[in-house]
Amino acid sequence: NAGVTQTPKFRILKIGQSMTLQCAQDMNHNYMYWYRQDPGMGLKLIYYSVGAGITDKGEVPNGYNVSRSTTEDFPLRLELAAPSQTSVYFCASSASHGPYEQYFGPGTRLTVT
Amino acid sequence: EDQVTQSPEALRLQEGESSSLNCSYTVSGLRGLFWYRQDPGKGPEFLFTLYSAGEEKEKERLKATLTKKESFLHITAPKPEDSATYLCAVQALTGNQFYFGTGTSLTVIP
């Protein structure tokens, strides 16, 4: 099992550009999450999904969009990138029935200049 | 409001010097409390889940305990390879979100 995979590992964007961060899991988990991690701020939830076709906003959704067409994939779209979106982005997944712990991908380090 | 506070922010230990990390939480009904380890440049790695007050879990030099208000991660005779940031998270009975603390950065000096 690869677990949770994320691409790309690193990316530099110019202000106003758009991009999609890819996330896939092979554990047949229904729940998937996107977080951003800024120094000293902890992990903040951007969006989450409880199954294919179902998504919901987290704590910091502005400037992002998601879709979930399959159980395995949960891409995060950044439209009109801004310097405030410079961060490390983590995707995670968990089972819908216990145990509930999340499994994280290796992260994408994004810089917007 | 559900929230998690971890202390201390940073901790330096000599190799073999045991200590504890604290995670205080406020949640309207606890589904689970989770401990993760995060190495620099990597994603969090799952360590333990605790579901109810009084529960304890152990793995090598780590032991996690849970009360109704807080959890402790006890590190016994740490080694340099235990150096990492340790994150605590809670999930409420209602809702699907996890709430993370800001972590404790542990450095173990040989």
Three principal axis lengths of the protein assembly as shown [C-alpha, angstrom, descending]
49, 36, 36
To two decimal places, what compactness ratio does region A:50-98 give when its Cα radius of gyration is scaled by 2.2 N^0.38 Å?
1.28
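Need one word for chain B: rounded, prolate or oblate. Basis is the Cα gyration tensor (sqrt eigenvalues a ≥ b ≥ c); a/c below 1.5 gives rounded, then a/b vs b/c decides. Numbers along the way, then the final one.
Working: a/c = 2.10, a/b = 1.70, b/c = 1.23.
It comes out prolate by the Cα gyration axes.
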In terms of the Cα gyration tensor, with a ≥ b ≥ c the square roots of its eigenvalues, is region B:32-78 rounded because a/c is under 1.5, prolate because a/b exceeds b/c, or oblate?
oblate
In chain A, if the dipole is taken from +1 on Lys/Arg beta carbons and -1 on Asp/Glu beta carbons about the Cα centre, which of A:M32, A:L80, A:F104 is farthest to the positive end?
A:L80
Output needed: percent of Cα pairs per 5 Å distance bin for region B:64-110, bins running from 0 to the one holding the longest distance.
5, 16, 23, 22, 16, 9, 6, 3, 1
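Take every Cα pair under 8 Å in chain B that's 6+ residues apart, average their separations, divide by the length, and report that relative contact order as a whole percent. Don't skip to the end; give the middle numbers.
Values: 285 pairs, mean separation 41.3, N = 110.
Reported relative contact order: 38 percent.
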Virtual spin-label span in nm between B:A10 and A:D26, 7 Å along Cα→Cβ:
4.0
Note: probe point = Cα of A:S67 + 7 Å toward Cβ; backbone nitrogen < 17 Å; residues of region A:79-113 passing the test are A:79-80
Given that compact globular proteins tend to follow 2.2 N^0.38 Å, what is the ratio of the alpha-carbon Rg of region A:1-99 to that value?
1.05
Please report how far the C-alpha centroid of region B:37-110 lies from that of region A:14-34, rounded to the nearest whole angstrom.
25
How large are Rg and Dmax for region B:8-57 when calculated on the C-alpha trace, in angstrom?
13.5, 39
Hey, what's the Kirkwood Rh for region A:1-40 if you take every pair of different alpha carbons, in angstrom?
12.6
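Quick note: the coordinates plus some simple rules give every number you see, no bench work behind them. All values derive from a computational prediction rather than experimental measurement. Every residue, glycine among them, receives a Cβ derived from its backbone with ideal geometry; neighbour counts consider all protein chains shown.
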